[in-house]
Amino acid sequence: MKAITTKQNFPKFLMVSGEIKKKAYNKFLQKPFVEGEIVKIVPFDEQRSVNQSTDKVRFLTQYVNIIRKDNNGKFTIRYTASWEILEPLKKQQ
């Protein structure tokens, strides 16, 4: 997925794409990403890098802060993910 760096186009939810199967780091996470998993996007104004000196737009060109569901089904687990493993939600017809 192409990076979204403007507040007007920033999504609220995205879906994990099939690209996650190609990432070796996924199997080492406590809760590995699953293809088709819905993730909540942290609001644009709260997006930030761990390294506070990094500019927000520069950070958003590669990464995005997301929130994943925990075992209870609530969005509580915060991650920084690459845009390439995410895709827009598909409309059901």
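If I ask for residues that are hydroxyl-bearing (Ser, Thr, Tyr) and closer than 20 Å to ARG48 by Cβ, which ones from segment 1-31 would you list?
Of all residues in segment 1-31, those hydroxyl-bearing (Ser, Thr, Tyr) come to 5-6, 17, 25.
The answer is THR5, THR6.
Quick one: which residue in LYS90, LYS31, LYS7 is exposed (fewer than 15 other Cβ atoms within 10 Å of the Cβ), in contact (Cβ under 8 Å) with a residue 60 or more places away in the chain, in a loop (DSSP other than H, G, I, E, B) and over 11 Å from the mean Cα position of the chain (by Cα)? It would help to see each step written out before you state the result.
Details: LYS31 fails: in contact (Cβ under 8 Å) with a residue 60 or more places away in the chain; LYS7 fails: in contact (Cβ under 8 Å) with a residue 60 or more places away in the chain.
Just one listed residue meets the conditions, LYS90.
Please give the number of the condition GLU19 fails out of (1) more than 12 Å from the chain's Cα centre (by Cα); (2) in a loop (DSSP other than H, G, I, E, B).
(2)
So which of SER49, SER53 is in contact with a helix residue (DSSP H, G or I) (Cβ under 9 Å, 6 or more places away or on another chain) and among the small types (Gly, Ala, Ser)?
SER49
Looking at ILE77, ILE41, can you tell me which residue is in contact (Cβ under 8 Å) with a residue 40 or more places away in the chain and on the phi < 0 side of the Ramachandran plot?
Numbers: ILE41 fails: in contact (Cβ under 8 Å) with a residue 40 or more places away in the chain.
None of the others qualify; the one that does is ILE77.
Looking at the structure I just gave you, is VAL57 more than 23 Å from LYS90 (Cα to Cα), of a type in the set (A, V, I, L, M), modelled with pLDDT under 95 and assigned to a helix (DSSP H, G or I)? Spell out the reasoning first.
Values: more than 23 Å from LYS90 (Cα to Cα): yes; of a type in the set (A, V, I, L, M): yes; modelled with pLDDT under 95: yes; assigned to a helix (DSSP H, G or I): yes.
Taking the combined requirement at face value, the residue satisfies it.
Taking the criterion of being closer than 14 Å to ILE4 by Cβ, in contact (Cβ under 8 Å) with a residue 12 or more places away in the chain, surrounded by 14 or more Cβ atoms within 10 Å (Cβ to Cβ) and among the charged types (D, E, K, R), would at least one residue in segment 45-53 satisfy it?
no
Kindly establish whether GLU46 is modelled with pLDDT of 90 or more and closer than 24 Å to GLN8 by Cα. Show your work before the answer.
Values: modelled with pLDDT of 90 or more: yes; closer than 24 Å to GLN8 by Cα: yes.
Yes: the conditions hold for GLU46.
The values are calculated or read from the model by the stated rules, or taken from the named source; none is laboratory data. Remember, predicted model here, so these are calculated numbers, not experimental data. Quick reminder, even Gly has a Cβ in these numbers, built from the backbone with ideal geometry, and neighbours come from all protein chains shown.
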